[in-house]
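Inspection log for the structure reproduced underneath, given as structure tokens.
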Amino acid sequence: MAILSHLKYASVWILPLVSACTWLAMLLVMLIVWELEGHPHYASMSANQHIAYISDIGAQGLKPLFIAGCVVTTVFLDLSFASERWLRHTGRLAKNLGTAEKVLSGLSSTPPPIHPRERSPHHPPLLTPTIPVVFAIAGTCGLILLSIFDTLHHPHLHDAFLLLFIAGYVISAVFICAEYQRLGVHFRQHRILRLSFWLKLVFIVVEVLFAAIFAATTFESRQNVAAVFEWIVAFVFTFYVLTFFVDLLPAARSTQEHSNAELWRRKGAENGGGPMVENTGYANGATANGVNGNAYAVGAAGYDVVGSGHDRPPAAQNF
């Protein structure tokens, strides 16, 4: 059962892949259909407009696809957000140690540290809603509602929800980016934190720049230019979703380490010789320096693995 309890973390990296693939497929289908139909001029388009907005295509026959694609994309992306928050809070990913990271991540009530032997597996730490997730949910509502209230029948509502969508996810990305920068200070050896930080920072800069051009050209009634930049903003969003694949993938490796340790313990118990200790830093039993193998925590010092002679953290902390 312990092995099965770890497997629930192994596939969380699939969530952002589902979100990104759904979003990209929806955009490509809409663009290809508009191309194959000979660039039709829809009723929602301006008289001098020749390039359709995503919203123009989504307000026509492909509206069911538009709504379904937006719902699936945002739901799986928000699940990715929540999974990343939960895994970081429970120690499967590098935890927030300082006050700055906890404020940025929005952990408004973090329970005091509990020794692993005292923590019940049936009562995991309480995770409160986080700032990035709150803004991501706002972005989710914006995207779903703009697909329902299309630009043909509800132009003003559609524009308001479009603003909510872009602002929600960009602000969420800003908080996450700032949090990762602070995590990188405490965990300089974790290169994946720096990679994720720079990927998200690039997204913020590029998305804000293109969104500003889109807004400016829209107000100037340069509809064709605005339509091009709306498509660009949408495709860049795919890149942002994929950054969470980078964030969540280490959880699978952490799960494998936990599963291996459990298998060694079971094997030792079956042989009647007591728990066997594997060189993962997670197995039960005293280490050479008297520290319990299952008492490792992110940011702790003195990771001594039996028989290694070297200090190193478990695999979960390498990220």
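Throughout, read-outs are computed from the coordinates displayed, never taken from laboratory work. Quick caveat: nothing in here was measured; it's all calculated off a predicted structure. Positions of Cβ are generated from backbone atoms using ideal geometry, with glycine treated the same way; all protein chains shown enter the neighbour counts.
Estimated at 0.36 nm per residue, the fully extended path between residue 37 and residue 191 surpasses their Cα-Cα distance by 50.7 nm.
The mean of 1/r over all distinct Cα pairs in segment 194-239, once inverted, gives the Kirkwood hydrodynamic radius of 11.0 Å. Taking the fewest neighbouring Cβ atoms within 10 Å as the starting point, the ordered list for 172, 44, 221 is 221, 44, 172. By the count of other C-beta atoms within 10 Å, a proxy for reagent exposure, 73, 218 are ordered fewest to most as 218, 73. Full extension of the chain between residue 239 and residue 205 yields a length gain of 11.0 nm, computed as 0.36 nm times the residue separation minus the alpha carbon distance. Applying 0.36 nm per residue to the separation of residue 29 and residue 225 and subtracting their alpha-carbon distance, the gain on full extension is 68.4 nm.
Please report 51, 32 as a ranked list, fewest other C-beta atoms within 10 angstrom at the top and most at the bottom. Provide the component values of the computation, followed by the final result.
Working: 51 16, 32 10.
If I rank by nearby Cβ atoms, fewest first, I get 32, 51.
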